[in-house]
Structures are given as structure tokens and as C-alpha cells.
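The values are calculated or read from the model by the stated rules, or taken from the named source; none is laboratory data. Quick caveat, the model's predicted, so the values are computed rather than measured. Here the Cβ positions follow ideal geometry from the backbone for every residue, glycine too, while neighbour counts run over all protein chains shown. Note: areas computed on protein heavy atoms with side chains; ligands, DNA, RNA excluded. Shrake-Rupley method; radii C 1.70, N 1.55, O 1.52, S 1.80 Å.
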Amino acid sequence: MTPLKRIVLLGPPGAGKGTQAKLLAARTGLLHLSTGDLLREEVARGSPLGTRAKGYMDRGDLVPDDLIIGMIRERIAQKSGFILDGFPRTVAQAEALARITPLDVVVNIGLAREEVIRRLSSRRVCRSCGRIYNLLFDPPPDAQRCAACGGELFQRDDDQAKVIENRYDVYAELTAPLVAFYGARGLLRDVDGSRPSAEILERVLTLVRG
Ligand code: AMP
């Protein structure tokens, strides 16, 4: 079987898209593109895009479609393989993506609202290598330091309790319609995000192998 190479990971915040995208990229060699990571880099650099995006991100709202599409377009155009994590997040983004490139598979990682809130409030990220931990079910041996690279662990600003609920509501209103969008195109495959990460990875690899 030819491996499927143009992959979208869909799902609510905290479902494990970033974790799975990194594991999948390591196993397949495919390019991993996270619009959230790209935006956080723009914010950290203080670029014009980062400056415009920051307010939306801090509130847990979506950054406007035109900014996101402009940011991602050049990175995926002409690419024969990629894992998109956190994009598309609206029907307008999905339609724009369809004009840039065809997709092979959309993996929908499902997770209930209560579990999203529980997980995001206990998520920690390494400032150096980006490794994602969870204090509840994947705790770092040292709460301050990354076990992989020794970098400092931190809590994302938008993982604070008051922002998390808005992020889920934004997902439910604007991103969840993509389940039907890709279902209608025969591209959607469902994965249970409440399962252990290693088990999810095996399921995703099976899907990606077509
Ligand atoms: P994430 O790391 O995927 O949870 O994204 C963090 C934040 O970046 C989101 O809450 C949005 O404010 C913004 N963001 C990331 N990806 C997108 C996207 N595709 N469309 C709009 N905003 C996005």
C-alpha cells in the first residue's frame, strides 16, 4: 500500500493533535506544521503577524482566516507530504486548503469537553524542544525540567482556566463543522483521544498506511 502523505489532524484543543503529530513525524519523516507553534514563534519574535495575532490567541479566539492562510500557504504549496496540526480550523480555511493541495486523510481525534478542560489545565510544554507533558497522565520526572532536553517547562498562557472554556466553545462552533465537511468528502477517520498516546499512535499509523 502507498502510505498516505497529506494528513490533517483534527480535534478539539487538548485532544493530543500536537503530541501525535510529533510522534507521527518522527515515525514517518513527514513535515509537521502546527499553526499554533508557528504563531507562537511569530509572537515571540514580535513580528507584525505575531503582534496582530497575539490578542486573539490570549483570549482563545481564532486568528482571522486571511492571516492564517497567508502564513501556511507557502509552507505547503508544492509539498508532497505533510502533517497539519491545528489547521484548518474553519470551513473557510478548509476551502482555501482544498484550493492549495489535495489531502489523503483527515484523522479526527475525539475528546469530550470535560476531558479537554481537565487535560489543558494540567498541560506543560518544554520551552526548548516543544515536548508536551501532562501532570495528570504523562508527568515529567522533574516538574520544572524537560526529561528529553533539560529545557524549562512552562504553562501556555492560553492553558489558563479562564481561556480554556472559550477555546473549547470556539472549537465547537467554528471547527467541529469540519467533521461533516471532511466526512462528506470521504476523508475522515475517527480516533478515540481518551486512549493512551502509544495506542493512538498505532491506530493513526494504521490509518495513514491506508
Ligand atoms: P493551538 O496551539 O493549535 O492550540 O493554537 C493556539 C492558538 O493559535 C489558537 O487558540 C488560535 O488563537 C491560534 N490558531 C492556531 N491555529 C489557528 C488556525 N488554524 N486558525 C485560527 N487561529 C489559529
Accessible carbon and sulfur surface of the chain relative to its total accessible area, %, 1.4 Å: 51
Please check which bits of segment 10-54 a label hung off R113 would reach, taking the label as a point 7 Å along Cα-to-C-beta and the cut-off as backbone N under 19 Å. 11-16
Within the P(r) computed for the chain, what percentage of the Cα pairs occupies the region above 29 Å? 20
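Please compute the net charge surrounding L103, taking Lys and Arg as +1 and Asp and Glu as -1 over other residues with Cβ under 13 Å from its Cβ.
+4
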Post the alpha-carbon centroid distance, segment 70-90 to segment 183-210, in whole angstrom. 19
With the other protein chains left in place, how much accessible area per residue, in square angstrom, belongs to segment 1-142 at a 1.4 angstrom probe? 46
Sort the following peptides by mean Cβ neighbour count (other Cβ atoms within 10 Å, averaged over residues), highest first: 129-142, 85-98. 85-98, 129-142
May I ask you to list the residues of segment 77-104 whose amide nitrogen lies under 17 Å from a point 7 Å from Cα along the Cα→beta-carbon direction of S197? 85-86
Scattering profile of segment 132-210 from the Debye formula, Cα beads only, expressed as log10 I(q)/I(0) at q = 0.17, 0.19 Å⁻¹, is -1.01, -1.09
Translational D (Stokes-Einstein, µm²/s) of segment 44-135 at 10 °C and 1.306 mPa s when Rh comes from the Kirkwood sum over C-alpha pairs? 101
Compute the length gained on full extension between D157 and F137: take 0.36 nm times their separation in residues and subtract their Cα-Cα distance, giving the result in nm to one decimal. 5.1 nm
Treating only the Cβ of Lys, Arg, Asp and Glu as charged (+1, +1, -1, -1), what charge dipole size does the chain show about its Cα centre? Round to the nearest 20 debye. 500
How large is log10 I(q)/I(0) at q = 0.15 Å⁻¹ when the Debye formula is applied to the Cα atoms of segment 85-173, each weighted equally and without solvent? -0.74
So which lysines pass the test for K5, namely a Cα distance under 21 Å, with those fewer than 8 places away in the same chain ruled out? K17, K22, K79
